[in-house]
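The values are calculated or read from the model by the stated rules, or taken from the named source; none is laboratory data. Given the structure is predicted, the values throughout are model-derived calculations rather than measurements. Here the Cβ positions follow ideal geometry from the backbone for every residue, glycine too, while neighbour counts run over all protein chains shown. Surface accessibility is based on the protein's heavy atoms, side chains included, excluding ligands, DNA and RNA. Shrake-Rupley method; radii C 1.70, N 1.55, O 1.52, S 1.80 Å.
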Amino acid sequence: MRLDATSQQSEWESVLGDYRNTLVKHLSTAKGTLNSRRIPLPPQLHSVHRTDRKRSRDEDDSFNDHHLNSTDSDAWLENVTRWVLECSAGKADADPLDLDAFIWDLLPKIIAARDTPVSVVILDDQVIEDSPPRKRSRTSTALKSKEKLAATTDGPFITRNELILITRWKLKMGQFRPTLLKLVSSNLDAQVRTASAAAFRVLRSAFKSDSRTKNVEEDLRAVKCALKEITELKGVGPATASAILSAYTPEYIPFMSDEAMLSIPALFSKQNPTRKDLAYTPKAFEKFVSEIWNLNRSLPNLSAKDIERALWASYISQQ
């Protein structure tokens, strides 16, 4: 089913509901997805996956609906952080389906969990997060690192390891660029945390209510500002940045996928555009976000993330 502005909401929801099956078929034919060793997602992490469902924008606050129960958050965060560390080390790879689940379901919960204070302990190049009572016996050097880092990341953020997994996922889903992962990996963890925290602060200020302002230009300026903050990182262009921003505000920011862009005729000056006609620039991203918001007016039960994923699945199913 090919989706467009004339499609009924039930058609969008139908395609979105079949997203996983479409993804499985896509990954079965994609290059570079077969590895001799895979790192499966721990079973206890599957239990908190957010399922696709109809959802009203008035149902939840977009910054709170990913929070975990306080009794489970410490153990869950430790488990998922260790999985991220193992996957980002490069010795093995995450299962592609688990990696997709991490990007769309787990990462938003990780970011939201960082709205509450946690103890951050630096061990060599690894970051392990835990509740304060259990890790206070760590060395004073580690605690000093924690205090210094906390001063540069006011509010939610992503880590270097999480950025590496986002990049791995992006390379599996789209065009493979062999040098991109090395470039992204050259960023320091503190740089990734600082840049992502700055971008998230911009978005939180702009979209702190249950809906965008009535001034679209003002909202797009906030998106542009957040994009600028995150693209200061090496190897992070508008497309990778959009995945990061979407993880924080899935209600309003879509991932800049090739397939979703090619599904929106208004983005191009000619009919039947191809991947060669795509532009990966801040201006192109702003226009893409604006068009997704236009679609969202007639699809109030779907987030910007949902609309992008439905467009992606619709495009892939037609190939």
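Observations, loosely collected:
- Inter-site label distance for N294 and Q175 at 7 Å from Cα along Cβ, in nm: 2.5
- Euclidean distance between Cα centres, the stretch 154-178 to the stretch 270-319, Å: 20
- Y252, Y280, reordered so the largest accessible area comes first (probe 1.4 Å): Y280, Y252
- Once the chain from R221 to A284 is taken as fully extended at 0.36 nm per residue, the excess over their C-alpha distance is 21.3 nm.
- Cα pair distances exceeding 19 angstrom across the stretch 198-271, given as percent: 39
- As a rough guide to protection, the peptides 302-311, 20-29 ranked by mean Cβ packing within 10 Å, highest first, stand as 302-311, 20-29.
- Full-extension gain in nm, R2 to A89, via 0.36 nm per residue minus C-alpha separation: 27.4 nm
- Amide H contacts under 5 Å for A94, placed H, 5+ residues apart: I39
- Cα-Cα over 27 Å, subset of K182/K287; K182/K208; K170/K305: K182/K287; K182/K208
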